[in-house]
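Report on the structure given below.
Any read-out appearing in this document is the output of simple, stated calculations on the displayed coordinates, not a laboratory observation. Model, not experiment: these values are computed from the prediction. Here the Cβ positions follow ideal geometry from the backbone for every residue, glycine too, while neighbour counts run over all protein chains shown.
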Amino acid sequence: MTVRALPVLELPARSATGGGEGPRVAAELEEYVVGPESLPRFFIWTLGCQMNHSDSEEMAGALLAAGCAESGSPEDADLVVINSCAIREAAEQKVIGRMGQLAELKQARPGTRVVLTGCAVREDNRHVLRRRYPSVDLFLRPDEEPELVARLGLATLTAPGLMAGMAGHVPPTIARVGRSIAATADRLPGTRAAAVAAGSIRRGSRWDAWVPVIYGCDKTCTYCIVPFSRGPERSRPFDDVLAECRKLARAGVLNLTLLGQNVNSYGHDLPPEQRFADLAGGRTLGRRIDTTGRPDFAALLRAIDALRLEDGRPAIARLRFVTSHPWDLTDRLIDAIAECPSVCEHLHLPVQSGDDGVLHRMGRQYSVEAYLRLVQRLRSAVPGIALSSDVIVGFSGETDRQFEATLELLRTVRYDQVFAAAYSVRPGTPAARLPDDVSPGEKRRRLNALLELQEGIGWELNRAWVGRRTEVLVDRVDQPSAHGEATARGAVRVAGRNRQNKLVHLDGGPELLGRLVDVVIERAGPYSLQGSQVEATIPA
């Protein structure tokens, strides 16, 4: 068996089947083309947030552009790429728990190599990575992900991947974050533009797309590892984002989600431009900054919403964005949400706690009162808007009274959905120096109490949908119910989301995938709705 020698990975030769045709080249260059039998089959395992999934689409696209083929499982792959999450201990433990399985896989298939990237790989923790992840051959920080093809030795003149040349010419920048250091995302706006121009992003859907608009995080949350793993905030150029959205609209994308660790902080780090001279002001919460003359997130939303079809309808039917931070939920942004037809009536606005003392220790830099004013302003401007949030229970020093204040906040706001977790210490964060003084048992009790309360609130809000008509973008075929409900009704089931991000199940087959359909809601549960199709409104 021949093995292609690579600078980082040595990968076994494979049969030509499934390798793809590879790039077209002139006849005189054919002798220099790397054959598909010499290229690895890859599998990407993605954990965590939507930004990670978007990053994985770029990495998959770069590998495909280099002539590699994608595998459906790690067992059939020569190259396993793990895009990790480190926001909570459980996410890291998932990867650590796979090390034994990966070691066995490498023993059974000599030449198989493993790459770990994502938020588990940081500039300040490289010295411990080899010990924590013994089956991994190559570690890449999030800002190094565009270098994947080059670092694997897969980049050639005929199959360059996307980033090999640019990554070699633009060295990474290291910045100080608190008491530590982090690599910045300075290179990522350029690498994203190159990937979009080359059409090499491997999108997971024809009708649904993610578009990152800002990388990194400048916020001060003491419990969070993101500023140390992704570095300070770096916005993509306004016109680059707009060009990508325009391209997706032409491709027929119906649902577009703008991404950022703090997506609504977009633009504050971009240089002032004359065309934005009328945009003045700054934050009223958190760290004060002057955004005069710079494009803000409201301006970006309005520009994307202004893309129109010939009949005047928005070119992107649905525009969403995650995750927002209360610091940058400005009046301008709330007005844009209310006035742009394509922007969906849903907002994810993490609160984390309902007690000012806990919020202070978390470094959130807003009060419960200030947060509730934002909620009131949103609901006044956008009647019927659905709100979701993140909550951490059992943070350092959280008392029973402070936890009860969080429950009271849920009763007051009445979120449609809450993503809750028990606090886990993240090494390297400022909160790691605080006592983790709420016992595991008490954390579980509080988490269960919060989830029980939210389940009742969600169920009550969902029951109000019964009898109403709503537009659903069908995006999946349901798996058969364990209770045999779909079979008993004699119909295949599909599901999708309405504009308020409610999960809706309905009768129908795969032909509905990627279609906007009108549905009358007949039943409601705490986490989803069920209904019947009225008519298809827009084909994919």
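Data overview
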item	result
Distance (nanometres) between label positions extended 7 Å along Cα→Cβ at GLU522 and ASP290	6.1 nm
Pairwise centroid distance, computed over Cα atoms, of segment 449-469 with segment 186-227, Å	33 Å
Rounded FRET efficiency, nearest 0.05, which uses the C-beta distance separating ASP478 from GLU89 and R0 of 41 Å	0.80
FRET efficiency estimate (nearest 0.05) - Cβ-Cβ, LYS247 to ILE181, R0 41 angstrom	0.70
Isolated Cys in the chain, by beta carbon distance under 4.7 Å	CYS49, CYS68, CYS85, CYS119, CYS217, CYS245, CYS340, CYS344
Fewest-first ranking of CYS119, CYS344, using other Cβ atoms within 10 Å as the exposure measure	CYS344, CYS119
Highest average packing first - 373-386, 411-424, 57-70, Cβ atoms within 10 Å	57-70, 411-424, 373-386
Cα long-axis angle, helix 238-250 against the chain (0 to 90 degrees, to the nearest 10)	80 degrees
Net +/- balance of residues flanking ALA431 in space, Cβ distance below 15 Å, scoring K and R +1, D and E -1	+4
Distant alpha-carbon pairs in the chain (separation over 38 angstrom), percent	32 percent
Cα Rg over Rh - segment 308-400, Kirkwood	1.08
Relative contact order of the chain, defined on C-alpha pairs under 8 angstrom at six or more residues apart (%)	9 percent
On Cα atoms only, tilt of 400-413 relative to the major axis of the chain in degrees	80 degrees
Mean Cβ neighbour count within 10 Å, used as a protection proxy, ranking 332-339, 469-476, 438-445 highest first	469-476, 332-339, 438-445
Selection of GluC sites (Glu not before Pro), segment 226-292, meeting DSSP coil and at most 15 other Cβ within 10 Å	GLU273
GLU339-ARG203 FRET efficiency (beta carbon distance; Förster radius 41 Å; 0.05 resolution)	0.90
